Structure formats: structure tokens, C-alpha cells
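**Q** Take this structure first; my questions come after.
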């Protein structure tokens, strides 16, 4: 399920939309599998202990419910990088989340154990200038690539911001030239020129 487009800002685009790595399911799936094997072992015995049937069945059912709950959490957990921000949202009924504007990101690091490198998972640490300071995100697929992608989006965001400033300065210069022309031709007085100039410069 992709991140809902209705939650994006106008002209905001999604660079990557992720759910947690499949390792997110490791504990619940391994527990269910182990209990399933135990169940088959007990029922495979010629002289099986009848009293074991009920507790193993209850444990297997609990493990299955746990796996289903984990799946729902996985399905409703998003790690999204857009052209404007980093978004983390989670929750089935009660929801929570973190949003970090790209211009506030100071540093991005990742951490992987040897095993996590083998399966392509890891943790991501984002340091920002906001109130939260540092945020750790676990079970991120290929965190090394995500770090590079965040840096690319940060650079693009800076270019857009700088381009907007340059465009604004250019527009002001053009307007001033037009006002000077009107003043020189006598269309507006010197005082009117100064008043309009002050408005353009925000004085």
C-alpha cells in the first residue's frame, strides 16, 4: 500500500516509499514456525501425550495472532522521502509519526551489523535542527542507499530554494528598472518612485 497522496503538499513528489524490511517479521514468524514443527512432532508420535495437544494449539494460535498483528503494523508503517521532507508514520488504530523538513536535516548516518549487511537491513539515524534532535529508524531496507538518496533530495531542495531567491531578486530588479523608467519619463513623481521602491524592498 503506497503512502496516501492526499497527505502530500502541493507540488511535493515522493522519491521513495518504504515499509520496514522483512526482518521485521523474524520473531513472530520463527515462533509460529517452531510451534508448528513441535505440533507436527507431537502428533507424529505413536504414543503422543494428549495433554500436550491443547497448550501447543493455544501457543500456536497466539503466535499466529502475533504474526497477523505484526503484518498489520508493517502494512501501516511508512518511511517516505519526498522532495520536501522525511516522513515516518505508523499505527493501525492509534497513529503517530515524525516529519523532518529536508532543510532542517544536519546529518544522516546508518548502522548495520554483519548479519544486517547480508540481508540488506539496518538502522538510520537522522540528526536535525528541530526539537527532536536525533531520530533512529530501525529495519530500514538498504540504509546505505537511503542515506545517499536523502542527500540527493537535500541538494535538490537547496537548489530549488536558491533558485527561488534568485528569481525573487531578479523580479525586484526588473520592477525597479520599470519604476525608474516611469520616473525618468515623468509618469510618476520622485516621491512616488521612492514610495514604490520602499514597498518592493520591504522597507
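**Q** Fully extended, how many nm does the chain gain between residue 40 and residue 5 (0.36 nm per residue separation, minus their Cα-Cα distance)?
**A** That works out to 8.0 nm of additional length.
**Q** Compute the distance from the alpha-carbon center of the stretch 78-127 to that of the stretch 146-161, in whole Å.
**A** Their Cα centres are 15 Å away from one another.
**Q** Per 0.36 nm of contour for each residue apart, how much would the distance between residue 148 and residue 201 grow if the chain were fully extended, relative to their Cα-Cα spacing?
**A** Residue separation times 0.36 nm, minus the Cα-Cα distance, leaves 15.2 nm.
**Q** Sort largest first and round to whole Å: the equivalent ellipsoid semi-axes of the stretch 5-152, each the square root of five times a Cα gyration tensor eigenvalue.
**A** On the way: eigenvalues 333, 57, 27 Å².
Ellipsoid semi-axes (Å, largest first): 41, 17, 12.
The numbers here are math on the coordinates, done by the rules we state, and not lab data. Source: prediction; values computed, not measured.
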